[in-house]
1. All but one of (1) open to solvent by less than 50 Å² (accessible area, probe 1.4 Å); (2) of a type in the set (A, V, I, L, M, F, W, C); (3) over 19 Å from ALA143 (Cα atoms) hold for PHE117, so report the exception by its number.
2. Could you please find all residues in the range 14-31 being open to solvent by 10 Å² or more (accessible area, probe 1.4 Å), within 21 Å of CYS84 (Cα to Cα) and assigned to a loop (DSSP other than H, G, I, E, B)?
3. Please go through the range 123-164 and pick out each residue that is farther than 11 Å from PRO98 by Cβ, open to solvent by 10 Å² or more (accessible area, probe 1.4 Å), under 16 Å from the mean Cα position of the chain (by Cα) and not β-branched (Val, Ile, Thr).
4. Counting only residues that are open to solvent by less than 30 Å² (accessible area, probe 1.4 Å) and touching a Cys at 6+ places or on another chain (Cβ under 8 Å), which one in the range 32-64 is farthest from GLY141 (Cα to Cα)?
5. Evaluate the following for GLY144: is it at negative phi and out of contact with any Gly (no Cβ under 6 Å at 6 or more places or on another chain)?
6. Where residues in the range 65-75 are open to solvent by 20 Å² or more (accessible area, probe 1.4 Å) and among the hydrophobic types (A, V, I, L, M, F, W, C), which of them is farthest from ALA31 (Cα to Cα)?
7. Select from the range 1-30 the residues that are hydroxyl-bearing (Ser, Thr, Tyr) and either farther than 16 Å from PRO46 by Cα or modelled with pLDDT of 95 or more (or both) and list them in ascending order.
8. Answer yes or no: is there a residue in the range 107-119 that is of a type in the set (Gly, Ala, Ser) and touching a residue at least 40 places away in the same chain (Cβ under 8 Å).
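The values are calculated or read from the model by the stated rules, or taken from the named source; none is laboratory data. Small disclaimer: the values here were computed from a predicted structure and weren't measured. Ideal geometry is used to build each Cβ from the backbone, glycine not excepted, and the neighbour counts take in all protein chains shown. The area values use the complete protein model at the heavy-atom level, side chains included, leaving out ligands, DNA and RNA. Shrake-Rupley method; radii C 1.70, N 1.55, O 1.52, S 1.80 Å.
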Amino acid sequence: MKRIGILSDTHSYWDDRYLLHFSECDEIWHAGDICDPSIIENLRQPFGTDEEGNPKTRIVRAVCGNCDGGVLRRMFPEILRWKCEDVDVLMKHIGGYPGRYDRSVIGQLYSRPPRLFISGHSHILKVMFDKTLGCLHINPGAAGIQGWHKDRTLIRLTINGDKMSDLEVITLSEEAEQ
């Protein structure tokens with residue numbers, strides 16, 4: 001069983017509440033527009049200790065977005081596909097959503113549909129099931145402050161074997177930040 005934290009579109013903005021809300025997560029996935037490598041380093045901070053007293057670290061997976069420069073483009077691919085437990089996951093910054101997938105990824109989605117597709121870019125939180133592909137689509141919205149969005153959002157979920165459950169939307173209110 002793995003607890004997953006998902007965010008996107010931080011645009012160089014760090015909020016300590018990312019780690020607060022992801023403190024129990026085994027992995028954190030960033031769907032692009034990171035814009036500053038320190039965001040990834042902060043997400044990789046150790047959390048707690050294991051049975052032997054060694055610092056516990058989490059896996060951070062990310063894709064580069066359209067606003068990510070050369071350093072981040074060398075660090076992260078444009079498209080990432082992997083297995084989390086028994087769930088086939090595909091992540092791409094500009095990916096669209098069910099019924100309106102981006103042409104850069106639609107071929108891959110239809111030829112070999114993942115069970116979970118994660119994208120960012122729009123700054124619009126969306127959690128939708130694509131019945132045609134049998135695929136859950138998640139866009140975590142935007143976690144940073146740059147852009148037109150009103151709410152900053154994060155997602156948490158649990159993956160256990162081939163089951164996805166306990167999906168939570170976390171809204172980062174500005175009042176709590178002050």
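1. Failing condition for PHE117: (3).
2. Within the range 14-31, SER23, GLU24, ASP26 meet the criteria.
3. HIS123, LEU125, ARG156, MET164 - these are the residues of the range 123-164 that are farther than 11 Å from PRO98 by Cβ, open to solvent by 10 Å² or more (accessible area, probe 1.4 Å), under 16 Å from the mean Cα position of the chain (by Cα) and not β-branched (Val, Ile, Thr).
4. The residue in question is ARG58.
5. Answer is yes for this residue.
6. Step one: list which residues in the range 65-75 are open to solvent by 20 Å² or more (accessible area, probe 1.4 Å), which gives 66-67, 69-71, 73-75.
Still in the running and among the hydrophobic types (A, V, I, L, M, F, W, C): 67, 71, 75.
Values: CYS67: 12, VAL71: 16, MET75: 13 Å.
Among those residues, the one meeting the criterion is VAL71.
7. SER8, THR10, SER12, TYR13, TYR18
8. Among the residues of the range 107-119, at least one is of a type in the set (Gly, Ala, Ser) and touching a residue at least 40 places away in the same chain (Cβ under 8 Å), which makes the answer yes.
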